[in-house]
Every structure is written in structure tokens, then in C-alpha cells.
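The values are calculated or read from the model by the stated rules, or taken from the named source; none is laboratory data. Bear in mind the structure is a predicted one, so any value in this text is a computation, not a measurement. A quick note on method: Cβ atoms are made from the backbone with ideal geometry, for glycine too, and the neighbour counts reach across all protein chains shown. These accessible areas exclude ligands, DNA and RNA; they are computed on the full protein's heavy atoms, side chains included. Shrake-Rupley method; radii C 1.70, N 1.55, O 1.52, S 1.80 Å.
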Amino acid sequence: MGLGHVAQPGDQTGKSMNAFRTPEDLWDLPPASRSQATRPSPDAPHAVVIGSGFGGLASAVRLAAKGWRVTVLEKLDAPGGRAYVHHQNGHVFDAGPTIITVPFLFEELWALAGRKLSDDIELRALDPFYRIRFDDGDEFNYSGDPDKMRAEVRRISPSDSAGYERFMAEADHCYRLGFEALGDKAFDTVGDLIKASPAIFKMRGWRSLHTMVAAHLKHPKLRMAMSLQSLLIGGNPFSVTCIYSLINALERKYGVHWAVGGTGKLVQGLVSLLEGQGGVLRCNAEVKRIEVDQGVASGVTLANGERIEADIVVSNADTAWTYRNLVEAKHRRHWTDRKVENGRYSMSLFVWYFGTSKQYNDVPHHMMLLGPRYKELLKDIFSRHKLADDFSLYLHRPTASDASMAPAGHDTFYALAPVPHLDSGTDWATTAASFRQAIADVLDRTVLPGFEQHISASLITTPQDFHDRLLSFKGAAFGLEPLLLQSAWFRPHNRSEDVDGLFMVGASTHPGAGVPGVLMSAKALDSVVPSATTWQEQHARKHVSR
Ligand SMILES: Cc1cc2nc3c(=O)[nH]c(=O)nc-3n(C[C@H](O)[C@H](O)[C@H](O)COP(=O)(O)OP(=O)(O)OC[C@H]3O[C@@H](n4cnc5c(N)ncnc54)[C@H](O)[C@@H]3O)c2cc1C
């Protein structure tokens, strides 16, 4: 077997490091050398992580903490994946996640690397979490303060007050069972599924989130306000399991935060931790194939032909893409092409990032602008795969909390519309301009009158970019749809069902999409990968007994 360049963790020179330092003003955190973490020994087993999304970076930090030599290979020119950072004309655009919940999942990673999250990152709690604007102009301030929420519910529908209390209690129940008890379990065997079944039964997880919400709340506006959260992780509230009501409880318990300087600071922070642990991130390094030798992952081959040997391979790339395109079909008995193609994939997104040379101080940090249709629009997106003329938007205005995201006196925004994945057949090259204009028209009519005269930056991302740039199957923004029969044991396992020594983390594996979900997937990975020392002992024993 030919062996090309083997990346050496700790090697701070050469193309790779230069490549990921390229984007302006990215790396201003304290030097990695301040880390108290132990560096792996040069003969430690080597873990290759494909992809530097939050799931990949969190896994890399966890593996390094267990003594593995870690190399992260990233296709793009900078880390973060969906949390990539774009810069234009002084505006800083977080490409993806902006709502940060469950800070302790980050704190754990910092602690594993011998550091403290608060030394590197300032998390600012937001109140309200977000404002929901209904199509008739009525607004609902969604917050973590139970009394303010009760008042909002009463204002819209006094007769729903008691139902709201029941809804919160049921969401708490789902949080305890779905997040605390099952979230970071790897669901490696049927036994794991059997063990989890009573909890799934207790949560009556076969009901949709909307069915559960509607059992407690009568008013259509409240039903929308309490069910739309599953869209944040790519799930249609009308088909996603009601277990996802846990998002409501999670937000109440941990709050919604903003990472000062942008979500990109969390990405930089994780890379800095990894460097401090002796790990390596190589950008502009697309993996074309996972090498399998007698059923065991033995390394990867990059697009440029370079071969990198590994003792284990962890894929943070989309699982459907990983199996379909990176692992040869002859090595896959479980995740065959047919099974991958028969999966149901989440929606995609159209995102318009723009800046204005004027500020709109009435617009809060996070805002949902709901269109005229809810259930039928979601059917168009998720089942009929049809690009509709109407849409709902999530509007992000980070400058509401953080002036560093734009030049002085400017605002930074993104407007995101859920749209069908590429099965819609939409030619985004010809549709993007008119779709962007339709979004601009809605914003102009509602919360940003006259803003088009003040645009100072503009970038767009379409479903085609999710496919071509991030290598997401069908251009889905959140991987496999989080249906009950595509969750937990039914989702691609964190330990590959097909190839020994191959592992999966990130949105389309267990537990699922969203920053907390992918950080939990790295915890699940932790439970199925031994420490470097244990791995070496196990392999030495195997070697002797041969
Ligand atoms: C616009 C948007 C807004 C969102 N908002 C929120 C939010 O507010 N809060 C929240 O919690 N979640 C949010 N999410 C969801 C959340 O961002 C994602 O679920 C999560 O970031 C995905 O992380 P991941 O670990 O799966 O990896 P990804 O971010 O998907 O990264 C995977 C990486 O793998 C790389 N890669 C793929 N194939 C290869 C290959 N062959 N070789 C090398 N590298 C490869 C890709 O380039 C990419 O960098 C949002 C998502 C989007 C798209």
C-alpha cells in the first residue's frame, strides 16, 4: 500500500496551517501553547477526522484528550462547516448557527483541553430569545422568563394559559428522557434500542411535535410559536417526533446566548484547543476516499491523490455523502446506495447575508417572520418538494447585541428561508436572484422599510451550495430528517455498521442536527472509541494472538 505524506500533529508549518489562517482577522485567540493539556506521544495511534464542523472539532478535542494523535481534514479554506465565517466590506457574517444554547457542552470541551471557556469566549444571554412576527403583524416575544411567557400566552389566548403549563411540563419530561438520559448514548446495538424503548414509550415519541403541542394549546398562533423550533434542526413540526419539544425546555433551562464576536469565535476557540493538544487542522484538504483494508478503515485519500494513514477515521462529513461517495460500495452491506437514496432528507435553506449602512434598532437580534401559510408551506417544502411563492423567514441581526459584527453605524443581517432540497429540481443559478428579491420585498414591507437603498454587502447561499460546497446529499441543510424512524438506533450509528475503525459524528448521525446535537454526537463518539492506551493494548493483544 502506497503511503503519501502522513500529517504530523504538532507540525505548525506548511500549506495546511497557512491555508486556515487565510481569512482576515480570524486567529486572535491566546496562543495554543497556553493550554495545560497533555500532548499525545509521537507513537500514539492516529485518528483522522474528516470535516471541521462543530461535531468534527468537538470529536477532535475529545480524541486528543484521550491520547490520540489527531488530524482534522477540511475541504474548505477555513474551519466551521455550516459555521463558516464570511467577511465582506467590514461586515462579519456567521454563515449558519447563531442561536447558542447549552453552554456546558462547550465548557466540557474547554475543560478537557485544560482551559476555561470564559477565558476565551464571552457568551451573552439574550432576552427575549427571539421575536415571532405573525403574518398579520402581531408579535410574540419568546423568552426564557416563565412569567413573561405566561403573559404573552395570556395576551394571545387567555384560555390557553392552563394548556401552556401542561405543555411546559411535557417538554420538561421529554428533555429529561430525550436529552439527559438518551442524548449522548451511542445507540450502537439493538440492545441499546431496547433499553431506550421504555423512555421513547413514556414520551409517546410516535406523535408529531405539532400533535403534542396542539393537544395542549388551541390558538393557531401559539401552536406555531411552540412548534416551529424543530425547524431549527431541520425537522417539520408536523412529522418530527414530539421528543423534540425538549428544545423548548432546553432553551428555558440554559438560555439562548450570543458568542461575542460571532459564532466563528467558538470555532476558532475549538481549533485553538486542538492545537494546544498537539492536534492538526489542515484546510483545503478534501477527502475523496476512505481506505478500507479487510473491512477495517486504514486511512484516507485526498482529492490531490495524497494518502494519509490512520488507525481510525471519524467522518464529520454528511453521513449520506460519506457512505455514498467516500466508502466503496463493496465495503457497505448496511448503508447501500439504495438505503442511502431511500432516506428522507431535511429541508434546505436559502440564505441572504447582507449589510446596511443604516441601523434598524427596532429589529431584535433574532426574529422569525412567518408567512401566510404554515402547514401547507411545510408540506411544499418537506413532502411535495416544491419551491413555493410564499415563505417564512428567520432574520438575524447580530449588530443588535454586538457592534463588532459591522462597521460603525452599519447593521449586519442574514435572512434565511426554509426551501425544499434539490429534489425540487429548482435551477438555483437562474432562480436565486428573483428569490432574493422576493425576500427583500417582504423585508421592505414589514420590518426594514426602504433598506434596499442602504445595502453595503450582499452574499447568498442556495441549496446548490449546500450540495457543491459542503457536500451535503441532495443539498439538505440538516442531513437526514429527524423522524422517529430515522432517529437514535435508526440513524447512522456513531460506530459504522459497515466498516471497523470508521466512526460518524455530526448532524446526520445520532442524536442529530443543531449545535447541541452535534456536540452530543461527539460525546456519543467518546463512548465508543477507547483511549489511545487501551486501543494500543487491544491491538497489541490481537497482534500476539495472530
Ligand atoms: C443557515 C443555518 C443556520 C443554523 N442555525 C442554527 C442555530 O442558530 N443554532 C443551532 O444550534 N444550529 C443551527 N444550525 C444547525 C447547525 O449549524 C448544524 O447542525 C451544525 O453546525 C452541523 O455541524 P456538523 O458537525 O454536522 O458539521 P458541518 O458544519 O456540516 O461541517 C462538516 C464539514 O465537513 C466538511 N467536509 C465535508 N465533506 C468533506 C470531505 N470529503 N473532505 C473534507 N471535508 C469535508 C465540510 O466542508 C464541513 O466543513 C444552522 C444551520 C444552518 C445551515
Next item on the list: Answer yes if at least one residue in segment 402-409 is open to solvent by less than 10 Å² (accessible area, probe 1.4 Å), on the phi < 0 side of the Ramachandran plot, part of a strand (DSSP E or B) and in contact (Cβ under 8 Å) with a residue 60 or more places away in the chain, and no otherwise.
Entry: no
Next item on the list: Could you list, in sequence order, all residues of segment 314-361 that are touching a Lys or Arg at 6+ places or on another chain (Cβ under 6 Å), more than 12 Å from the ligand (Cβ to nearest atom) and hydrophobic (A, V, I, L, M, F, W, C)?
Entry: 340
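For segment 456-546, which fully contained helices (runs of 4 or more DSSP H) count at least 3 residues that are within 16 Å of the ligand (Cβ to nearest atom)? Quick ask: steps written out before the conclusion?
Working: elements: 463-468, 515-528, 532-545.
Counting at least 3 such residues, we get 463-468, 515-528.
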Checklist line | Unmet requirement for residue 223, which otherwise passes all of (1) closer than 24 Å to residue 136 by Cα; (2) open to solvent by less than 10 Å² (accessible area, probe 1.4 Å) | finding: (2)
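In this structure, does residue 144 turn out to be exposed (fewer than 14 other Cβ atoms within 10 Å of the Cβ) and not in a helix (DSSP H, G or I)?
Values: exposed (fewer than 14 other Cβ atoms within 10 Å of the Cβ): no; not in a helix (DSSP H, G or I): yes.
No: the conditions fail for residue 144.
The rows are residues; the columns are (1) farther than 25 Å from residue 503 by Cβ; (2) open to solvent by less than 20 Å² (accessible area, probe 1.4 Å); (3) at pLDDT 95 or above; (4) touching a Gly at 6+ places or on another chain (Cβ under 7 Å).
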site	(1), (2), (3), (4)
178	no, yes, no, no
186	no, yes, no, no
194	no, no, no, no
197	no, no, no, no
201	yes, no, no, no
207	yes, no, no, no
235	no, yes, no, no
258	yes, yes, yes, no
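Against the definition (over 23 Å from the mean Cα position of the chain (by Cα), within 24 Å of residue 49 (Cβ to Cβ) and within 16 Å of the ligand (Cβ to nearest atom)), how does residue 299 come out, yes or no? Even if it seems obvious, please write down each step before you answer.
Working: over 23 Å from the mean Cα position of the chain (by Cα): yes; within 24 Å of residue 49 (Cβ to Cβ): yes; within 16 Å of the ligand (Cβ to nearest atom): yes.
For residue 299, the condition - over 23 Å from the mean Cα position of the chain (by Cα), within 24 Å of residue 49 (Cβ to Cβ) and within 16 Å of the ligand (Cβ to nearest atom) - is met.
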Margin query: If residue 341 meets every condition in (1) charged (D, E, K, R); (2) within 24 Å of residue 59 (Cβ to Cβ); (3) without any contact (Cβ under 8 Å) to a residue 24 or more places away in the chain apart from one, which number is that one?
Written below: (2)
Notebook entry, point to check: In this structure, does residue 380 turn out to be assigned to a helix (DSSP H, G or I) and charged (D, E, K, R)?
Noted result: yes
Margin query: For segment 59-99, which positions are more than 7 Å from the ligand (Cβ to nearest atom), within 16 Å of residue 270 (Cβ to Cβ) and in a strand (DSSP E or B)?
Written below: 70, 71, 72, 85, 94
